[in-house]
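The values are calculated or read from the model by the stated rules, or taken from the named source; none is laboratory data. Model, not experiment: these values are computed from the prediction. Here Cβ is always computed from backbone atoms with ideal geometry, including for glycine, and neighbour counts include all displayed protein chains. Just so you know, the surface numbers come from the protein's heavy atoms only, side chains and all, with ligands and any DNA or RNA stripped out. Shrake-Rupley method; radii C 1.70, N 1.55, O 1.52, S 1.80 Å.
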Amino acid sequence: MGAKEALEISENIQRPTEAKVTRIEQLKSSAPYGIALGIIFAIALYIRAVLPYKSVFLADGTIRFGGNDPWYHMHLVHALLHNYPHALFYDAHTIPPYGVYIHFGPLYDHTIALLSIIAGLGHPSSHLVDVVGAYFPAVLGALVVIPVYFIGKHLHNRGTGLLAALIIATLPGQFLSRSLLGFTDHHVAETLLSTTTILFFMLALRSARAQNLSFKDLNRNWHAIRYPLGYAVLAGVAYAAYQLCWPGAPLFGAIIVIASIIVYIAEHIRGRTVDYLTMVGITAFVVELILILPWLHPDMGFSTFYYSWFHAAVTLGAIAAFVLMHAISRELNRRDVNPYYYPVLLIAGTAVGLALLSVILPTLYHTIVNSPNMIFARHTGGANTIAEASSMLMDRSGHLSIGKNSMVYGNFGNCFYVSIFGILILGYYIVKRWKPEEILVLIWTAVMLLSIYGQNRFAYYYAVNVAVMSAYFSTKILAFMGFEDTRTTIKDLPQFLAKNAGYILLAILLVAILVYPYGPAPLALKQARYAGGPGAPWYNSLTWMRYNTPDTGLSYYGPYERPPPGEPYPYPDTAYFVLSWWDYGHWIEIIGHRIPNANPFQSGIGGGKSHAPGASTFFTAQTEDEANEIADTLGTRYVVSDVEMATGKFYAITAWDCDTEGYWQTVQTSGGPQNFPSMKYYNSMEGRLHIFDGISLSHYRLVHESMAGNTAELGYRQVYNLYTQMDPDFHNKYPDLPKSVAETNTGYVKIFEYVKGARITGTAPPNTTVSLSVPILTNQGRAFNYTQTTTASSNGTFTFTVPYSTDGPIAGGTQFDTMPSDMYTITLLGRPHQVSVSEEDVMNGSTIKVT
């Protein structure tokens, strides 16, 4: 054996050892950053899981989930476990009479169910499932710091990653609220998985471009393609998981395609190969397509709201785009055509493709063309009253709103303004060097910024961009001043800190401005202590409804057989529906186990220019007859109102009905002009029910009320009494309204039953006034008088239709705890006559003759 061979053997023996030493050194130098990231994760989890604990896990053992949709998600989880492994894809318990095909992605609920099964050793209790569901969003929200760290790290350096992670961990607003303990909604999963998708696609592009990956490597160099295509596969898996949490995930597919188009153009014009980009893009989208195909439902057509052919079509379109862009680039290079013709051909090809699509598949074409309006356009009318659907950057008058009192500041604080500079610097470096990962991050940020212009709900996405961009700007400033992120070990950390003391102090100052105490973190710490959800008045009232109103006869957990498209669900004869404002529909279904007419899917609202029957038209109805017609059309038996519907939310009710005029009038007071409710408001069904307790209504009776709250109702009652006192002719104008109301707050939530009503008839001298009254005592110990007044006809008869029973509830009916404390009193010519009315009379519409 010669010296040359001996040397090679020696080197081969030493290489693994040297590589091992290098990896150990890398781990040591990364340890401080890993520890710091672990601390940031713990901070994020503390804010989300510990601070709101008492507002979610109540002293009586109740777990109060936040918001509205979290309750529905937990219903789906329980239904899944009840029918395991079959999920509830169609729900007849909501949006009658057709039921609803559930548009929520399956992955979120299946994950909670699976974790519950594991935690419960195969047999989880209902309480355990709720506990797992409550903690799930908090853990996902804390996990977001990990992809955010790596995006920041690979965009600039590890300092950028740590600062970005710290910012996202402590931001208030939409992202925080949707990742708190008990807010069991898919939104936090959207943020985590979309950010992870961007991270892996970013890593795939970096790795593939650095290795100058080409199609030739597929046959001869698997080592070269291992990392680029591995990252691409992970990007596809993350994108598929994201899509199975939210049907709107193609938005991020569009972000990747748009960024890729720009990269294709930049690389082609600069004479670089585009093989790597094509390989990464096709790999990611093919993997995603394979994973989502089993979940698509062909009968949904090309709907964007459900898992339909639309989702497969846009993925196939993305794959086709990568193939065509690569083929055009290659052909132009082969023909040695001026590279600037490339973008022109891409634009022309896109136009031709859309034109062909409009002819071949017009439904898909219109879905694609109209999709941007759903996300980026500002909403008007009733939709603009949805808290999460209004613009974050504009106020209701259409003016730019990004100051300290704006939603922008409430969600991002100082970080929003700093991030704008980060975007500008990133744009500068893109023009300077055209790195594909930087282009991807910029397009991602720009699209999400445009999204919060359309709907502020997308702030839970844009929070990540704000964190990354503000950290990017800050660490770029540090780098510009001479401080660069360097590797160190825990052992060398004191020396590192001493050597860079000045820069460390500047970094601390930046943290103070972007995080705490001058950043948004103090607001996050305050917001995190309350997780939202139904308060005691709503929860207790709906619990009462569940156990004191007749069962609907419809299975609560399903499964339900979906009827043919366009046909109503065959509800049992015992079924009935509950009408309230759409905000409360999920609570009515999940807490009350009843079928709501309207719910947070923005269904059953009605109104609009056609004034279609629904919640908005019912509550704004100016006569009882009009309201009865709507209730009959909707199959309503119970009406639930809360004080928010009667005060602050009433504008939204009128906006959805496209009838906002005349409900308020401006009055000049010592404190300046103020808006007060007008008589049109008091004549509305909402005013009659909540402010007047249904007094004088013939078919609506208060059957239960919650405790009172310190609310604006008191002011509404005081204003009404002023009207009655100031107008001598008031009672002639409004004979069916009460003469006055007690100036006090009443039940925060009130449940009314819509009944046929008993008919009390009698004789009296023609054209004489006849009055009726009965004292009502509520379950809260509050007393009021139910009254009616009528005039005997020319033939000497009178009729009252009354909703209350003086004999109490009966088996199988409403077990009301608000009822008359005495018999009805009919007063005629100054003489009282008492009348007893049975529950059967009220429910059957029987006639009671009095003499």
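Things to note:
- Scan of the stretch 240-259 for residues that are in a helix (DSSP H, G or I) and open to solvent by 10 Å² or more (accessible area, probe 1.4 Å), ordered by number: 241, 250, 251, 254, 257, 258
- Selection status of residue 710, part of a loop (DSSP other than H, G, I, E, B) and more than 19 Å from residue 784 (Cβ to Cβ): yes
- Residue check, residue 660 in a helix (DSSP H, G or I), of a type in the set (S, T, N, Q) and either open to solvent by less than 10 Å² (accessible area, probe 1.4 Å) or within 25 Å of residue 630 (Cβ to Cβ) (or both): no
Each row is one residue, and each column tells you yes or no for (1) assigned to a loop (DSSP other than H, G, I, E, B); (2) at negative phi; (3) aliphatic (A, V, I, L, M).
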site: 744; (1), (2), (3): yes, yes, no
site: 751; (1), (2), (3): no, yes, yes
site: 760; (1), (2), (3): no, yes, yes
site: 767; (1), (2), (3): yes, no, no
site: 775; (1), (2), (3): no, yes, no
site: 780; (1), (2), (3): yes, yes, no
site: 788; (1), (2), (3): no, yes, no
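- Residue in the stretch 676-689 that is in contact (Cβ under 8 Å) with a residue 40 or more places away in the chain, part of a loop (DSSP other than H, G, I, E, B) and in contact with a strand residue (DSSP E or B) (Cβ under 6 Å, 6 or more places away or on another chain) present: no
Residue by residue, here is whether (1) within 30 Å of residue 635 (Cα to Cα); (2) among the aromatic types (Phe, Trp, Tyr); (3) out of contact with any helix residue (DSSP H, G or I) (no Cβ under 8 Å at 6 or more places or on another chain) holds:
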position	(1), (2), (3)
83	yes, no, yes
93	yes, no, no
109	no, no, no
137	no, no, no
159	no, no, no
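Condition check ((1) within 20 Å of residue 756 (Cβ to Cβ); (2) surrounded by fewer than 23 Cβ atoms within 10 Å (Cβ to Cβ); (3) basic (Lys, Arg)) across all residues:
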| position | (1), (2), (3) |
| --- | --- |
| 583 | no, yes, no |
| 592 | no, no, no |
| 595 | no, no, no |
| 616 | no, no, no |
| 639 | yes, no, no |
| 644 | no, yes, no |
| 656 | no, no, no |
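- Sole exception among (1) at pLDDT below 95; (2) open to solvent by less than 30 Å² (accessible area, probe 1.4 Å) for residue 839, by number: (1)
- Qualifying residues in the stretch 530-563 (those that are part of a loop (DSSP other than H, G, I, E, B) and aliphatic (A, V, I, L, M)) - the one surrounded by the fewest Cβ atoms within 10 Å (Cβ to Cβ): 554
- Among (1) among the small types (Gly, Ala, Ser); (2) under 26 Å from the mean Cα position of the chain (by Cα); (3) open to solvent by 30 Å² or more (accessible area, probe 1.4 Å), the one test that residue 210 misses: (2)
- The stretch 120-133, subset of a type in the set (Gly, Ala, Ser) and either out of contact with any helix residue (DSSP H, G or I) (no Cβ under 6 Å at 6 or more places or on another chain) or within 30 Å of residue 570 (Cβ to Cβ) (or both), residue least open to solvent (accessible area, probe 1.4 Å): 122
- The stretch 415-443 - residue that is surrounded by fewer than 17 Cβ atoms within 10 Å (Cβ to Cβ) and within 27 Å of the chain's Cα centre (by Cα) and, of those, nearest to residue 261 (Cα to Cα): 420
- Of note, residue 506 does not satisfy the criterion of being at pLDDT 95 or above, open to solvent by 20 Å² or more (accessible area, probe 1.4 Å), more than 28 Å from residue 750 (Cβ to Cβ) and touching a helix residue (DSSP H, G or I) at 6+ places or on another chain (Cβ under 8 Å).
- Positions within the stretch 665-694 being touching a Ser or Thr at 6+ places or on another chain (Cβ under 6 Å) and of a type outside the set (Ser, Thr, Tyr), in sequence order: 665, 673, 675, 689, 690
- Inter-residue pairs, beta-carbon under 6 Å, first more than 15 Å from residue 619 (Cα to Cα) and in the stretch 578-589, second of a type in the set (D, E, K, R) and at pLDDT 95 or above, 6+ apart: 588/594
- Complete set of residues in the stretch 329-345 that are within 27 Å of residue 371 (Cβ to Cβ) and open to solvent by 50 Å² or more (accessible area, probe 1.4 Å): 344, 345
- Taking the criterion of being of a type in the set (A, V, I, L, M), touching a residue at least 60 places away in the same chain (Cβ under 8 Å) and assigned to a helix (DSSP H, G or I), the residues of the stretch 78-108 that qualify are 79, 107.
- Counted residues, the stretch 784-802 - those being open to solvent by less than 30 Å² (accessible area, probe 1.4 Å) and either of a type in the set (A, V, I, L, M, F, W, C) or touching a residue at least 60 places away in the same chain (Cβ under 8 Å) (or both): 8
- Where a residue in the stretch 392-404 is within 26 Å of residue 518 (Cβ to Cβ) and open to solvent by less than 100 Å² (accessible area, probe 1.4 Å) and its partner, wherever it lies, is modelled with pLDDT under 85 and part of a strand (DSSP E or B), with Cβ under 8 Å and at least six apart: 393/400; 401/394
- Considering residues of the stretch 748-783 that are at pLDDT 95 or above, over 20 Å from residue 738 (Cα atoms) and of a type in the set (S, T, N, Q) only, the residue least open to solvent (accessible area, probe 1.4 Å): 761
- Pairs, first in contact (Cβ under 8 Å) with a residue 40 or more places away in the chain and open to solvent by less than 10 Å² (accessible area, probe 1.4 Å) in the stretch 284-296, second aromatic (Phe, Trp, Tyr) and part of a helix (DSSP H, G or I), C-beta under 6 Å, six or more apart: 288/239
- Positions within the stretch 167-207 being open to solvent by less than 10 Å² (accessible area, probe 1.4 Å), among the small types (Gly, Ala, Ser) and farther than 30 Å from residue 62 by Cα, in sequence order: 194, 204
- Only a single item in (1) over 24 Å from residue 348 (Cβ atoms); (2) open to solvent by less than 20 Å² (accessible area, probe 1.4 Å); (3) of a type in the set (A, V, I, L, M, F, W, C) is not met by residue 222, and it is number (2).
- Residue in the stretch 711-733 that is modelled with pLDDT under 90, open to solvent by less than 20 Å² (accessible area, probe 1.4 Å) and over 25 Å from residue 639 (Cβ atoms) present: no
- Check on residue 40, assigned to a helix (DSSP H, G or I), open to solvent by 50 Å² or more (accessible area, probe 1.4 Å) and more than 30 Å from residue 305 (Cβ to Cβ): no
Condition check ((1) open to solvent by 50 Å² or more (accessible area, probe 1.4 Å); (2) under 18 Å from residue 726 (Cα atoms)) across all residues:
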site: 665; (1), (2): yes, yes
site: 668; (1), (2): yes, yes
site: 671; (1), (2): yes, no
site: 679; (1), (2): no, yes
site: 686; (1), (2): no, no
site: 693; (1), (2): no, no
site: 699; (1), (2): no, no
site: 706; (1), (2): no, no
site: 709; (1), (2): no, no
